[in-house]
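Structure, as structure tokens:
The values are calculated or read from the model by the stated rules, or taken from the named source; none is laboratory data. Bear in mind the structure is a predicted one, so any value in this text is a computation, not a measurement. Note that we place each Cβ from the backbone using ideal geometry, even for glycine, and neighbour counts take in every protein chain shown.
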Amino acid sequence: MYKTLGIILLLSSLLLAACSGKHAEGESKESSSDSTSTDSSKKDSAKLAKAKEEEDLDLVPVEIFEAWRGKISSYIILSSTIETEQYVDVYPYLTGIVAVLLAEEGDNLKKGEPLLRLDAEEYRLREARALTEYKTLQGEFKRIQAQFDKDLMSREEYGKAKLVLEQTKLSWQEAKLNLDRTTVRTPIDGVVSLRNVRQGDRVMPSTHIYSVVNLEDIIATVHVPEKELSSIKIGQLTYLTSDYLGDEKFEGYVKRISPIVNPATGTFKVTIGLEGEYKDLRPGMFINTYIVTMTNDDALLLDKDAIVYDSDQRFVFVVKDSLAFKVPIEVGFEDASYIEVLEGVSDSDKIIIVGQNGLRDKTKVKVVKERKIS
């Protein structure tokens, strides 16, 4: 009996050991399968990432902007220089020695303020002598008047005496005027732009001693082709720019239009006025003048840097679904930076502004930056 029980226990132990071995083998196989699956997934992800990188390398990087609606004008563009309506070269009335300089370049003066004073001693003596002669003749004429009133003198003699008195008075007034003119004064309000004389110089009526300019009444004169005669009107809006002053614009207007055309040049003279005080604009400065002839307040606009040229035709590249399409355009008004598009581009189209040179139609691109221009 005990022998039979031992055999049963031995068989049970062997059966349990066999089952445990199979279970462990199953777990080992399952673990190995999971590890293999994970490794395969990682390899697939790496392949996809590498493929994407290779695809990105094939894309051309570009920068874009959206076409927008805005205001643009048509201009007649001409070159000119800044002038002033009031510019005076000052000359002395008299010959003399410069005694005192009373104004320097850059001084702001009102009309009538002194520029210099000549040595006035000689003119002072002349005025005093003429005044003495006049007063002496005045006394003598009173006696002649009394005689004439009593009919003791003929009308002819009386007339001669009166004429001599008037001539003496005029001589005194002239001497007095010359004495006053030894102080040379500015004839206009303005700024001294030139002092052309030194203390001690001898000057004459032909000597250019000073220049004075009024900087508050600035103008520019342009000569417009005769074909534009009908498009220029008094009061028309203009803009002035200077390379020296960068992008700054100065607003002006058409002040005068010459009624004749110069047959030698085929142009007519137009004077541009500027209202207000423009301290940055100085007479003699070279400028560009833009006369506005027409304005479109709702134009479809592009940045001119986006345009490419091919056989005298203008194109832009429009991005759609990562492809750059080469699109011909028809244009209207344009200024220094922007251009109006009449055909070829629609509102909010994505236009390439950097990277378009050398592109072909339907090239794959990658947008790396979108600019806000409008």
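A few comments on the model shown:
- Subset tally (residues that are out of contact with any helix residue (DSSP H, G or I) (no Cβ under 8 Å at 6 or more places or on another chain) and within 17 Å of Lys304 (Cβ to Cβ)) for the stretch 355-369: 2
- For the residues Val341, Val354, Val308, Val316, the requirement of being under 30 Å from the mean Cα position of the chain (by Cα), assigned by TED's automatic domain parsing to the domain that holds Glu66 and farther than 21 Å from Ile72 by Cβ singles out Val354.
- Some residue of the stretch 244-264 being aromatic (Phe, Trp, Tyr) and in contact (Cβ under 8 Å) with a residue 40 or more places away in the chain: yes
- Hey, Val331 in the same structural domain as Gly235 (by TED's automatic domain parsing), assigned to a strand (DSSP E or B) and surrounded by fewer than 18 Cβ atoms within 10 Å (Cβ to Cβ) or not: no
- With respect to the conditions (1) at pLDDT 90 or above; (2) not assigned by TED's automatic domain parsing to the domain that holds Pro225, Val270 falls short on a single one, namely (2).
- Only one of Met285, Met294 that is aliphatic (A, V, I, L, M) and either exposed (fewer than 12 other Cβ atoms within 10 Å of the Cβ) or touching a His at 6+ places or on another chain (Cβ under 9 Å) (or both): Met294
- Of the residues making up the stretch 72-92, those that are in contact with a strand residue (DSSP E or B) (Cβ under 8 Å, 6 or more places away or on another chain) and under 19 Å from Gln199 (Cβ atoms) are Val90, Pro92.
- Apart from one condition, Glu340 fits all of (1) among the acidic types (Asp, Glu); (2) in contact with a strand residue (DSSP E or B) (Cβ under 8 Å, 6 or more places away or on another chain); (3) at pLDDT below 90; the exception is (3).
- Single match in Arg195, Arg202 (criterion: of a type in the set (Lys, Arg), buried (at least 17 other Cβ atoms within 10 Å of the Cβ) and either under 26 Å from Gly96 (Cα atoms) or modelled with pLDDT of 95 or more (or both)): Arg195
- Flag: Lys249 matches the condition of being surrounded by fewer than 18 Cβ atoms within 10 Å (Cβ to Cβ), touching a Phe, Trp or Tyr at 6+ places or on another chain (Cβ under 7 Å) and over 30 Å from Ala99 (Cα atoms).
- Residue, surrounded by the fewest Cβ atoms within 10 Å (Cβ to Cβ), within the stretch 105-136, restricted to residues that are of a type in the set (Gly, Ala, Ser) and closer than 15 Å to Leu179 by Cβ: Ala128
- Here is the figure for the stretch 274-310: residues that are touching a residue at least 60 places away in the same chain (Cβ under 8 Å) and part of a strand (DSSP E or B) total 18.
- Residues satisfying the stated conditions in the stretch 146-192, i.e. surrounded by 17 or more Cβ atoms within 10 Å (Cβ to Cβ) and among the acidic types (Asp, Glu): Asp189
- In the set Ser322, Ser348, Ser337, only one residue is hydroxyl-bearing (Ser, Thr, Tyr) and closer than 12 Å to Phe65 by Cα; that residue is Ser348.
- In the stretch 164-215, the residues that are in a strand (DSSP E or B) and either farther than 21 Å from Leu125 by Cα or in contact with a helix residue (DSSP H, G or I) (Cβ under 9 Å, 6 or more places away or on another chain) (or both): Arg185, Gly190, Val191, Val192, Ser193, Leu194, Arg195, Tyr210, Ser211, Val212, Val213
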